[in-house]
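Working notes, structure below.
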Amino acid sequence: MRGEHAGYACGAALGFLGDLIAADPRRGHPVAAFGRAAGAVERRLWRDHRGYGAAHTVLCAGGAAVGAALLERAVRDRRGARVALTAAAVWAVLGGTSLGREARAVGGALAAGDLDVARERLPHLCGRDPQALDGPQMARAVVESVAENTSDAVVGALVWGAVGGVPGLVAFRAVNTLDAMVGHKSPRYRRFGWAAARLDDAAGWPGSRLTAALTVLAGPDRRGALRAWRADGGAHPSPNAGPVEASFAGALGVRLGGTLAYGGRVEHRPVLNGGARPAAVPDIERAVRLSRRVSLLALGVTVAGRLAATYRRGVTT
């Protein structure tokens, strides 16, 4: 058993390194393949009904998790293959390097004053209407997206990988992908996507709290991060984005939140770290660097937690 968890640690480190070096391929990514399969299932199952949406979520996320469990079982007795499978799964589910790349692309366009290019790239990060945003508003949107996706695209996956191995990694990414596809409150998905959205909230809870805590540790203003998290984290409409965005706002000394255009509607969200200055273009790079530090810490914490749990079980038995 100890060798199994040590193999996970090696595989997780290799997969994390793979994301740093290779990031997400432009074509043929496993998550994109899952999205296409989930879309095909949706076309057959869609009804304006929560039950059909729940069936879609169980079939897609459950099927992905079961497939991953069968693969892990098939290589259980081969350490090298087990490490390779874990590394491949970690690489496939992480998106930290691509997150930083897309954020910097928007930031570079904004720094050059090319708002058209920035608006063209912004949808790669978030679902907001870029035509409704000026330069400072796009800078704020990028910082918020970096914060939220540090949890969704990196830390949350590492948490569930530490808990459940390759099936945990795959299941988390499947749930998160389904939420992005059907979990928003548009007329088509208000009922059908309800189950995916609620399951994503539950799956994202531990990762978002760990992300906020690590942001306090890794941020340039630790007291500000903790203060903003405690004061404003619960005001956000998302139970998981709130703590993460608030802690990033405090750590960077900027103001986030407020009015935004999202999914064809205008939302008036609470302001996070309201006494600070508005986010600006240079804060995009600062947010990306903070995201990288938090991600590295998350790798260490989750791997250490898995190994420590294994050691404690060995001592008690």
**Study point:** Solvent-accessible area, 1.4 Å probe, carbon plus sulfur percent, for segment 1-149
**Key:** 58
Review point. Which percent, nearest 5, of DSSP beta bridges in the chain are antiparallel?
Key: 80
Check your understanding: Label residue 36 and residue 73 with points 7 Å out from Cα along Cα→Cβ: what is the distance between them in nm?
Key -> 2.8
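Using a 1.4 Å probe over the heavy atoms of the protein chains, calculate the carbon and sulfur portion of the accessible area of segment 188-239 as a whole percent. It would help to have the intermediate numbers written out before the result.
Numbers: 1520 of 2710 Å².
Of the solvent-accessible surface of segment 188-239, carbon and sulfur hold 56 percent.
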**Study point:** Extension gain, residue 271 back to residue 20 (0.36 nm per residue minus Cα-Cα distance, nm)
**Key:** 87.1 nm
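Note down the net charge around residue 91, summing +1 for each Lys or Arg and -1 for each Asp or Glu among other residues with Cβ under 13 Å from its Cβ. List each step's numbers first, then the result.
Values: positive: 173; negative: 19, 24.
Overall, the nearby charge balance is -1.
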Revision key, fill the gap. In the chain, taking the dipole from +1 charges on Lys and Arg beta carbons and -1 charges on Asp and Glu beta carbons about the Cα centre, the listed residue (176, 69, 226) farthest towards the positive end is 69
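If each residue of separation counts as 0.36 nm, what is the full-extension length gain between residue 198 and residue 230 once their alpha-carbon separation is subtracted?
Details: separation 32, 0.36 × 32 = 11.52 nm, distance 2.34 nm.
Answer, rounded to one decimal: 9.2 nm.
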Review point. Considering the chain as a Gaussian network with a 10 Å cut-off on Cα pairs, which listed residue, 258, 224, 165, attains the greatest mean-square fluctuation?
Key: 258
Practice item. Could you pull the Rg and Dmax for segment 200-246, using just the Cα atoms, both in Å? Key: 10.1, 30
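So, for the chain, what is the accessible surface per residue at a probe of 1.4 Å, expressed in square angstrom? The partial results should precede the final answer.
Details: 14620 Å² over 317 residues.
With all protein chains present, the chain gives 46 Å² per residue.
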Review point. What spacing in nm lies between the two simple spin-label points modelled at residue 217 and residue 191, each 7 Å away from Cα in the Cβ direction?
Key: 4.6
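What full-extension length gain, to one decimal in nm, is calculated for residue 117 and residue 285 as 0.36 nm per residue of separation minus the Cα-Cα distance? Write out the running numbers ahead of the final one.
Working: separation 168, 0.36 × 168 = 60.48 nm, distance 1.76 nm.
Stretched fully, the residue 117-residue 285 segment lengthens by 58.7 nm.
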Practice item. Calculate for the chain the 222 nm mean residue ellipticity that helices alone would give, adding -39,500 (n - 2.57) per DSSP H run of length 4 or more and normalising by residue count, nearest 500 deg cm²/dmol. Key: -23500 deg cm²/dmol
Study note, to complete from the structure: One finds the C-alpha centres of segment 156-195 and segment 130-145 to be spaced, in Å, by 25
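Between residue 307 and residue 45, take the C-beta separation as r, use R0 = 35 Å, and let me know the FRET efficiency to the nearest 0.05. Numbers along the way, then the final one.
Numbers: r = 41 Å, r/R0 = 1.17.
With R0 = 35 Å, the Cβ-Cβ based efficiency is 0.30.
The values are calculated or read from the model by the stated rules, or taken from the named source; none is laboratory data. Fair warning: this is a prediction, and the values are worked out from it, not measured in the lab. As a convention, Cβ positions derive from the backbone with ideal geometry for all residues, glycine included, and neighbour counts pool all protein chains shown. The protein model used for the area step is the full one, side chains on, heavy atoms only, and it has no ligands, DNA or RNA in it. Shrake-Rupley method; radii C 1.70, N 1.55, O 1.52, S 1.80 Å.
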